[in-house]
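This report concerns only the one structure given below.
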Amino acid sequence: MKRIYDSSALKRDTDDPFTPSASEDENSRRAIDWDAFSHAFMPVTIRNRAIEVTITTDREVYASGHPVVIGIEFHNRLPFPVRLRTDSPKRWTWAVDGVTEASQVPRELPDRAGALSFARNERKRFQREWPQRIRVGERDWESVGTGSYTLEARISRADADEHGLADRTEIEIRE
């Protein structure tokens, strides 16, 4: 027992036993920013293929006037973090027959890039509801008629279609 006391094994530098001592190397305590690391060292083609975009609806056929529930999922299929650059701070969008967010009213967005980050194997899920109307003015909406409509979700990039960063599904509206 005397050896433990003589060796100073129980001696502490400070009153708080969980505070690191000043002699500890400061760089050893820093965490790695895996998003930045993977962005710097992973080729762009792999990053583009890592993300899977899926858009779904709860049904394929809707009665006129009933809201369409849209599910959008972005999935990082890799076992390490991925960060994608986007053309806009609005990182992803959805559209109905090419009309972004079912609105013909342009939104003012800053002209700067953004980034969409994913943890390893992360799934980001979003839900939107389309009331079967298209916005044509600040306070004006027009109901759509019966027929077939294409719903789309995409990451905000000009090359989203080329790299598989967009998905589409079709629905039908009947009377």
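Laboratory data are not the source of any read-out in this text; all were calculated from the coordinates shown. The model shown is predicted, which means the values in this text are computed figures rather than measured ones. Because the Cβ atoms are built from the backbone with ideal geometry, glycine has one as well, and the counts that use them run over all protein chains shown.
Before moving on, here are some points about what is shown:
- Restricting segment 50-107 to GluC sites (Glu not before Pro) in coil, as DSSP defines it, with at most 11 other Cβ within 10 Å: E60
- Placing a label point 7 Å from the Cα of S148 along the Cα-to-Cβ direction, the residues of segment 49-79 whose backbone N falls under 19 Å from that point are 55-64.
- Applied to segment 45-53, the Karplus parametrisation 6.51 cos²θ - 1.76 cosθ + 1.60 on θ = phi - 60° returns per-residue 3J(HN,Hα) values of 4, 5, 4, 5, 7, 5, 9, 10, 10 Hz, with x for Gly and Pro.
- Its convex hull of Cα atoms gives segment 33-174 a direction-averaged projected area, equal to a quarter of the hull surface, of 9.0 nm².
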